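Colleague: There's a structure below that I have some questions on.
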Amino acid sequence: MKKITVVLIVCMISAFLVSCNKKNQYQSFIDEGIFESVDTNFKSVNNSFYFIKKYKLTSDEINNIGSWFVDTYNNQYIENSGLGISITFYPNRMFRVYKDHAGLNDIQYIFGDWKIENKKLLISLKIKAVKLGNNTWDFETTSNHNYYKILKIKKYNSAVINSEAYDFTSVPQNIKKYFEINENDLPRYRLLFDTLGNPPGDLTADSKYEQIFSSVSFDKDYLKQLIEVW
């Protein structure tokens, strides 16, 4: 009985030390601007209140706004894992996916809608931008615009890093094939500000970004603007 108790205590201490080391590692990354603290989110951006009110953004949605990259600091890189190398969630509830190393006639971007309901991140995949010559794009859409759950939102302890990868099992196979979704995804971390602490762009009244995000559109000219945003 005493041996079992000792083993349990050792296991608890080991788990505590591992947790502390991970927190210390995350804090060092936060200090270097690689990861973002849980205290950092879209509210920190000037004029964010306008968009929060306009789109009735919840606290979880406010935390989700920004670009999410594959966490290669804690995992081995997988090319084009999940939807793509980065996923940017905008305050108007549109998102843009960037594919990695797209060649001619390959998908370079994916666009759609997103929302968070009951701690579930839902996405609706709508349009893919296929890379053509001379930096031009062919925008192709699908008629299925249903929302699919890809993540259960969990509490962030220090850095804004998802503990689990996006899960695409609820997305129909034909949709995954159409958008070339690799189900072998990795956990991701959010970056809203750059390493110098600067916001992604000027969102003040009458600015270019404020005008872009004040509406929602899947018109090709609008999507071309989103390609250049954040």
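The values are calculated or read from the model by the stated rules, or taken from the named source; none is laboratory data. None of the values given here were measured: they were computed from a predicted structure. Cβ coordinates were reconstructed from backbone atoms using ideal geometry, including for glycine residues, and neighbour counts include every protein chain displayed. When the accessible area is computed, the model is the full protein with side chains, heavy atoms only, and any ligands, DNA or RNA have been set aside. Shrake-Rupley method; radii C 1.70, N 1.55, O 1.52, S 1.80 Å.
Colleague: Please work out which residue is most open to solvent (accessible area, probe 1.4 Å), limiting yourself to region 125-167 and to residues that are in contact (Cβ under 8 Å) with a residue 60 or more places away in the chain and either closer than 18 Å to residue 107 by Cα or in contact with a Gly (Cβ under 6 Å, 6 or more places away or on another chain) (or both).
Modeller: 141
Colleague: Do we have residue 56 as under 21 Å from residue 211 (Cβ atoms), out of contact with any Ser or Thr (no Cβ under 7 Å at 6 or more places or on another chain), in a loop (DSSP other than H, G, I, E, B) and open to solvent by 60 Å² or more (accessible area, probe 1.4 Å) here?
Modeller: yes
Colleague: Those residues that are over 20 Å from the mean Cα position of the chain (by Cα) and hydroxyl-bearing (Ser, Thr, Tyr), I need them from region 131-176; list them, please.
Modeller: 136, 141, 142, 143
Each row is one residue, and each column tells you yes or no for (1) over 20 Å from the mean Cα position of the chain (by Cα); (2) assigned to a loop (DSSP other than H, G, I, E, B); (3) of a type in the set (Gly, Ala, Ser).
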residue: 190; (1), (2), (3): no, no, no
residue: 194; (1), (2), (3): no, yes, no
residue: 205; (1), (2), (3): yes, yes, yes
residue: 212; (1), (2), (3): no, no, no
residue: 218; (1), (2), (3): no, yes, no
residue: 225; (1), (2), (3): no, no, no
residue: 229; (1), (2), (3): no, yes, no
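Let's see how each residue does on (1) among the hydroxyl-bearing types (Ser, Thr, Tyr); (2) surrounded by 11 or more Cβ atoms within 10 Å (Cβ to Cβ); (3) within 18 Å of residue 95 (Cα to Cα); (4) touching a residue at least 12 places away in the same chain (Cβ under 8 Å):
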residue	(1), (2), (3), (4)
173	no, no, no, no
185	no, yes, yes, yes
189	yes, yes, yes, yes
192	no, yes, yes, yes
198	no, no, no, no
206	no, no, no, no
213	no, yes, yes, yes
216	no, yes, yes, yes
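Colleague: Restricting attention to region 80-98, and to residues there that are open to solvent by 10 Å² or more (accessible area, probe 1.4 Å) and part of a loop (DSSP other than H, G, I, E, B), which single residue is modelled with the highest pLDDT?
Modeller: My answer is 93.
Colleague: Right, here's the next one. For residue 128, only one of the following conditions fails: (1) assigned to a loop (DSSP other than H, G, I, E, B); (2) closer than 13 Å to residue 179 by Cβ. What is its number?
Modeller: Looking at each condition in turn, residue 128 falls short on (1).
Colleague: Can you find even one residue in region 162-180 that is closer than 15 Å to residue 87 by Cα, in contact with a helix residue (DSSP H, G or I) (Cβ under 7 Å, 6 or more places away or on another chain) and assigned to a loop (DSSP other than H, G, I, E, B)?
Modeller: Looking for residues that are closer than 15 Å to residue 87 by Cα, in contact with a helix residue (DSSP H, G or I) (Cβ under 7 Å, 6 or more places away or on another chain) and assigned to a loop (DSSP other than H, G, I, E, B), one finds at least one in region 162-180, hence yes.
Colleague: In addition: For the structure I just gave you, tell me whether residue 70 is over 22 Å from residue 201 (Cβ atoms) and among the hydrophobic types (A, V, I, L, M, F, W, C).
Modeller: So residue 70 fits the description; yes.
Colleague: Still on this structure, please answer the following. Here is a check on your reading of the model: is residue 66 closer than 22 Å to residue 186 by Cβ, crowded, with 22+ Cβ neighbours inside 10 Å and at pLDDT 95 or above?
Modeller: Yes.
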